[in-house]
Amino acid sequence: PLLVVTSTYREAENTRDALASLLGDDSVVYYPAWETLPHERLSPRSDTVGRRLAVLRRLAGNAPLPAPSVVVAPVRAVLQPQVAGLGDLLPVRIAVGEEHDVDDIARALVDAAYLRVDLVERRGEFAVRGGIVDVFPPTVEHPVRIDFFGDQVEEIRPFAVADQRSMDATLDAVVADLCREMLLTDQVRERAAAHAARAGVPEQLRELFTRIAEGHAVDGMEALAPALVD
């Protein structure tokens, strides 16, 4: 694929639209940069992460669509170091008619960096109420409600955040992209614990490493990726 690098976000989006009008929407993709800076101790938005991972999966051959012909990216997206193997991280996919254990889905969503809440209102959240799972993937417009009959997925519908009511439309499947580019694997937690125990580590960093070692997804932990992952 051809990599087209622009100086700004706006130029990248305009270039992507122009090339897509000539080559087709599926042939040209936009690879966004994080909207945060490394020193800010802020995590990128989950929708940004979802869009980036979708591009990387296509490049790695792990998506239904083939690799794009052109990838358009602002220079910040190209300069930023990124975790190895992101294109191999697969989303949680649930389709109508399939059989799943609700607890297994909940664990899979937690592993994909979703936050379990009582009421889904933001991207990257999910809730479980009996045989119903609500989830808000980062790359879709509305959250979706997965209705189970026993262990079988009976129906999937988008719903409105404002009143939590299901919409009329039904979906055949939902693809829940990962919400973070650095997941709290055993290796990451072990490295965080080792850094937390080192002498001379600033107290603020020691606190972050300790929370990560305990399995907490800390806001801004991506800034520590060079110390925690390959």
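Among the numbered conditions (1) under 18 Å from Asp230 (Cβ atoms); (2) open to solvent by less than 40 Å² (accessible area, probe 1.4 Å); (3) aliphatic (A, V, I, L, M), tell me where Ala73 comes up short.
(1)
Quickly run through region 195-214 and pick out the residues that are of a type outside the set (Ser, Thr, Tyr) and either surrounded by 14 or more Cβ atoms within 10 Å (Cβ to Cβ) or in contact with a Pro (Cβ under 8 Å, 6 or more places away or on another chain) (or both).
Applying the first criterion (of a type outside the set (Ser, Thr, Tyr)) to region 195-214 yields 195-209, 211-214.
Those that are of a type outside the set (Ser, Thr, Tyr) and either surrounded by 14 or more Cβ atoms within 10 Å (Cβ to Cβ) or in contact with a Pro (Cβ under 8 Å, 6 or more places away or on another chain) (or both): His195, Ala196, Val201, Leu205, Arg206, Leu208, Phe209, Arg211, Ile212, Ala213.
Pick out, from region 103-154, the strands (runs of 3 or more DSSP E) lying fully within it that include 3 or more residues that are without any contact (Cβ under 8 Å) to a residue 24 or more places away in the chain and within 22 Å of Thr170 (Cα to Cα). I'd like the intermediate steps shown before the answer.
Numbers: elements: 125-129, 132-135, 144-149.
Fully inside region 103-154 and qualifying: 125-129, 144-149.
Would you check if Asp47 is of a type in the set (D, E, K, R), more than 27 Å from Leu228 (Cβ to Cβ) and out of contact with any strand residue (DSSP E or B) (no Cβ under 9 Å at 6 or more places or on another chain)?
Details: of a type in the set (D, E, K, R): yes; more than 27 Å from Leu228 (Cβ to Cβ): no; out of contact with any strand residue (DSSP E or B) (no Cβ under 9 Å at 6 or more places or on another chain): yes.
Judged against the criteria, Asp47 is not a match.
Could you please find all residues in region 176-194 being crowded, with 18+ Cβ neighbours inside 10 Å and either assigned to a loop (DSSP other than H, G, I, E, B) or touching a residue at least 60 places away in the same chain (Cβ under 8 Å) (or both)?
So the first thing to find is which residues in region 176-194 are crowded, with 18+ Cβ neighbours inside 10 Å, and the list is 176-182, 184, 188, 191-192.
Within region 176-194, Ala176, Asp177, Leu178, Cys179, Arg180, Glu181, Met182, Leu184 meet the criteria.
Using beta carbons and a limit of 9 Å, which pairs, at least six apart or on different chains, have the first residue in region 206-227 and within 19 Å of Cys179 (Cα to Cα) and the second one assigned to a loop (DSSP other than H, G, I, E, B) and of a type in the set (Lys, Arg)?
Ala217/Arg180; Val218/Arg41; Asp219/Arg41; Gly220/Arg41; Met221/Arg41; Met221/Arg180; Glu222/Arg180; Ala223/Arg41
Give region 1-12 a look and list any residue that's open to solvent by 40 Å² or more (accessible area, probe 1.4 Å), within 17 Å of Arg52 (Cα to Cα) and either in contact with a Ser or Thr (Cβ under 9 Å, 6 or more places away or on another chain) or among the small types (Gly, Ala, Ser) (or both), or say none. Even if it seems obvious, please write down each step before you answer.
Here is the first cut: in region 1-12, the residues open to solvent by 40 Å² or more (accessible area, probe 1.4 Å) are 1-3, 5, 7-11.
After this cut, where a residue has to be within 17 Å of Arg52 (Cα to Cα) as well, the list is 1-3, 5, 8-10.
Scanning region 1-12 gives Pro1, Leu2.
Spot the failing condition for Leu171; the list is (1) open to solvent by less than 70 Å² (accessible area, probe 1.4 Å); (2) touching a residue at least 60 places away in the same chain (Cβ under 8 Å); (3) within 23 Å of Arg52 (Cα to Cα), and only one is missed.
Status for Leu171: all satisfied but (3).
Can you pull out every residue in region 124-146 that is charged (D, E, K, R) and either exposed (fewer than 15 other Cβ atoms within 10 Å of the Cβ) or modelled with pLDDT under 90 (or both)?
As a first pass, look at region 124-146 and keep what is charged (D, E, K, R): 125, 129, 134, 141, 145.
Correct list: Arg129, Glu141.
Quick one: which helices (runs of 4 or more DSSP H) lie wholly within region 1-98 and hold at least 2 residues that are more than 26 Å from Glu141 (Cβ to Cβ)? Can you show your working first?
On the way: elements: 9-23, 46-60, 75-79.
Counting at least 2 such residues, we get 75-79.
Which residues, counting only those in region 32-56, are open to solvent by less than 20 Å² (accessible area, probe 1.4 Å) and of a type outside the set (S, T, N, Q)?
Pro32, Ala33, Pro44, Val49, Gly50, Arg52, Leu53, Val55
The values are calculated or read from the model by the stated rules, or taken from the named source; none is laboratory data. Values in this document were obtained by computation on a predicted structure and should not be read as measured data. A quick note on method: Cβ atoms are made from the backbone with ideal geometry, for glycine too, and the neighbour counts reach across all protein chains shown. The protein model used for the area step is the full one, side chains on, heavy atoms only, and it has no ligands, DNA or RNA in it. Shrake-Rupley method; radii C 1.70, N 1.55, O 1.52, S 1.80 Å.
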